[in-house]
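Everything below concerns the one structure shown next.
Bear in mind that the values in this text are calculations on the coordinates, not laboratory data. Values in this document were obtained by computation on a predicted structure and should not be read as measured data. Every residue, glycine among them, receives a Cβ derived from its backbone with ideal geometry; neighbour counts consider all protein chains shown.
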């Protein structure tokens, strides 16, 4: 059974259509790249899955349920923005996650903090932007969720940490769980992807298995993306 | 889950309120001591400082009530709060209960501070002491007290919920939400004033014919009539609060659009 299904999912903001009737489903155990240029609807899609926006039309179902309290228990979400209360310490956030998510593995989070050299007693206010992103990603990946929705997880960190994070993503999650990674840094995420979805102006232009793509088109996802979204030169 | 939400709400607000209220009580005690020692200059400074702290206590209570809702729900922190496995009602209740508790604590601390500093016989403490024999209250007086306290509490909830509703309504707009919330609040106050004037003029101009049975009831049960009037008032105030709550919930559930 699919972990995520959307049918004719549409979101309009006034006269702007951010998502234009997209339909697809994701099976358990897949790592999916949600790829597209800025403004293609990636973040809107992820917000709809989290119940942070209400669809204008169509539906999105997670484990056959509409977004709500029950889906939030099984979805681990990394937003683009930092959502910390600045006055908290890193360990306060661990306690917060332990309190609210029964699938949060605090010991694993502590272990990941240690390997990235972040002190649990550090005040969040004192952390750099990149370190805040790392802490947020650790909190999200230390949950044993069924579906991970990662919005630009590697945007603000250096390449070494980027590798660690991608390694964490493929290594630490439960093999039955699915991961959706939205990004435009395709070359970096390509090695971990099972399938890709290309979004363009709120529509799906491609949804394919990565191996099939490579065989059929004889191109890497990165090359294909550059081809698909080529900007016209004068 | 409500308990956990409230725990974090108390943590987030307590780190400001606890030092503030402690400072006020300490300054009041020191001021009282200086007064007893007939040390004029320190006493005057103490009274000035305490007065400033009292003003600050009220202003900060109001600002934190607004800021906790706005920042936690309508800015980036909303990404965390609205993806917790908790329903929207509980999120609002946690904020509402904690804000109400702090407002009551603020009132109590300010009263206590004034009582500590007052040296004359008319001090608040004296008033409480002289009326301390609560067992003398009749049943009716007891009921009136309960009704008035209930009206006071529900009015306080209304006040806080009206702030929440105005902020939530600003979700219809993508920019300048703080200014828009304020404008909505002012507009709402004006609207309520107009409604009150209209209602008052309708009632005073209407030829209300009270039927004989009701007149007899009022004459023979004057206390009962007041009880009923108070309960009616309580119901109306509670209905207004429920409307603010429903509006806030609707906006947060369906119109949320975090930037």
Computed label-point distance, nm, for sites residue A:30 and residue B:118 using a 7 Å Cα→Cβ extension: 7.3 nm
To the nearest whole number, what is the average tally of beta carbon atoms from other chains within 10 Å of the beta carbons of peptide B:5-14? 2
Estimate the FRET efficiency between residue A:64 and residue B:87 by the formula 1/(1 + (r/R0)^6), using the beta-carbon distance for r and 22 Å for R0, to the nearest 0.05. 0.70
So the compactness index of the protein assembly as shown, its C-alpha Rg divided by 2.2 N^0.38 Å, takes the value 1.26
Once the Cβ-Cβ distance between residue B:250 and residue B:152 is put in as r, and R0 is 35 Å, what FRET efficiency do you end up with, to the nearest 0.05? 0.80
Ranked from fewest to most other Cβ atoms within 10 Å of their own Cβ, B:172, B:8 fall in the order B:172, B:8
When a footprinting reagent is the concern and you count Cβ atoms within 10 Å, what order do A:144, B:71 take, fewest first? B:71, A:144
Chain A: C-alpha gyration tensor shape, a/c 1.5 cut-off, then a/b vs b/c: prolate
Would you mind computing, in nm to one decimal, how far apart the modelled labels at residue B:4 and residue A:7 are, each placed 7 Å from Cα along Cα→Cβ? 3.4 nm
The stretch A:75-117 residues near the modelled residue B:15 label - backbone nitrogen below 17 Å, point 7 Å along Cα→Cβ: A:83-97
Please give the average number of partner chain Cβ atoms lying within 10 Å of the Cβ of each residue in B:80-92, rounded to a whole number. 5
Under the rule a/c < 1.5 gives rounded, and otherwise a/b versus b/c splits prolate from oblate, where does the stretch A:98-181 land using the Cα gyration tensor? oblate
Rank these for me by crowding, A:143, B:68, going from fewest to most other beta carbons within 10 Å. B:68, A:143
In terms of the alpha carbon gyration tensor, root eigenvalues a ≥ b ≥ c, rounded if a/c is under 1.5 and otherwise prolate when a/b exceeds b/c or oblate, chain B is oblate
Scale the Cα Rg of the stretch B:199-259 by the rule-of-thumb value 2.2 N^0.38 Å and send over the ratio, two decimals. 1.85
Projected-area average for the stretch A:13-91 over all orientations - Cα convex hull basis, square nanometres: 7.5 nm²
Simple spin-label estimate for residue B:105/residue B:23, 7 Å along Cα→Cβ, in nm, reads 1.6 nm
Taking 0.36 nm per residue of sequence separation and subtracting the Cα-Cα distance, how much length would be gained by fully extending the chain between residue A:98 and residue A:129, in nm to one decimal? 8.8 nm
Between residue B:138 and residue B:216, the FRET efficiency computed from the C-beta separation at R0 = 35 Å comes out, to the nearest 0.05, as 0.90
Quick one: Debye curve from the alpha-carbon atoms of the stretch A:150-234 only, equal weights, vacuum; give me log10 I(q)/I(0) at q = 0.19, 0.21 Å⁻¹ to two decimals. -0.97, -1.14
Of all DSSP beta bridges in the protein assembly as shown, antiparallel share, percent nearest 5: 55 percent
